[in-house]
1. Between residue 58 and residue 89, what is the FRET efficiency for a Förster distance of 41 Å, r being their Cβ-Cβ separation, to the nearest 0.05?
2. If each DSSP helix of 4+ residues adds -39,500 (n - 2.57) and the sum is divided by the residues in the chain, what number results at 222 nm, nearest 500 deg cm²/dmol?
3. Please go through the residue pairs 9/100; 77/100; 72/100 and name each one whose alpha carbons sit more than 18 Å apart in this structure.
4. Rolling a 1.4 angstrom probe over the protein chains, ignoring ligands and nucleic acids, what is the accessible area of residue 37 in square angstrom, nearest 10?
5. Of the DSSP beta bridges with both residues in the chain, give the percent that are antiparallel, rounding to the nearest 5.
6. State to the nearest 20 debye the size of the charge dipole of region 1-72 about its Cα centre, where the only charges are +1 on K and R beta carbons and -1 on D and E beta carbons.
7. Just to make sure I understand: if all protein chains stay in place, what is the order of 1, 51 by accessible area at 1.4 Å, largest first?
8. Quickly work out the residue 40-to-residue 9 label distance, labels modelled 7 Å from Cα along the C-beta direction, and quote it in nm with one decimal.
Amino acid sequence: MGGTILVSKGYGFATSTVDFDYLAERIRAELASKHPSVAKAAYEPLDDGGMTFLSLEALDGESFRDFLEATKQAEAKASTDASYPERSALWRQLSDVLCKDTRLVESP
């Protein structure tokens with residue numbers, strides 16, 4: 001089994017269930033406090049459907065950028081953990097996938 005962060009139709013970041021849970025909860029902690037409506041939309045498949053994926057497909061450009069910013073903040077906090085060196089590549093891979101999305105070039 002595994003988990004996926006669906007970025008856009010047919011494009012996402014798939015990883016193990018353990019890594020998915022780690023990323024999802026780290027990002028949720030940052031996103032929910034600052035952008036609860038974005039968190040609700042992205043986490044709906046996980047929270048309401050019991051699925052092991054997040055979906056960013058329906059997020060508009062601003063909401064997608066909020067998700068990306070929360071991801072960066074989550075990584076910054078995680079970087080102080082002893083386990084970060086083992087997970088830094090995971091964060092980098094997720095960031096690479098998110099940064100390729102066309103919503104980042106849309107004007108706000």
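1. On the way: r = 29 Å, r/R0 = 0.70.
Using R0 = 41 Å, I get an efficiency of 0.90.
2. Using -39500 (n - 2.57) per qualifying helix, the result is -19500 deg cm²/dmol.
3. As for pairs spanning more than 18 Å Cα to Cα, those are 77/100.
4. That residue has around 90 Å² of solvent-accessible surface.
5. Details: 6 of 9 bridges.
Bridges in the chain are about 65 percent antiparallel.
6. Dipole size: approximately 120 debye.
7. If we order 1, 51 from most to least accessible, we get 1, 51.
8. For the pair residue 9/residue 40, the computed spacing is 2.6 nm.
The values are calculated or read from the model by the stated rules, or taken from the named source; none is laboratory data. Everything quoted here is computed from the prediction, not taken from an experiment. Every residue, glycine as well, gets a Cβ built from its backbone with ideal geometry; the counts of neighbours run over all protein chains shown. Only protein heavy atoms, including side chains, enter the accessible area calculation; ligands, DNA and RNA are left aside. Shrake-Rupley method; radii C 1.70, N 1.55, O 1.52, S 1.80 Å.
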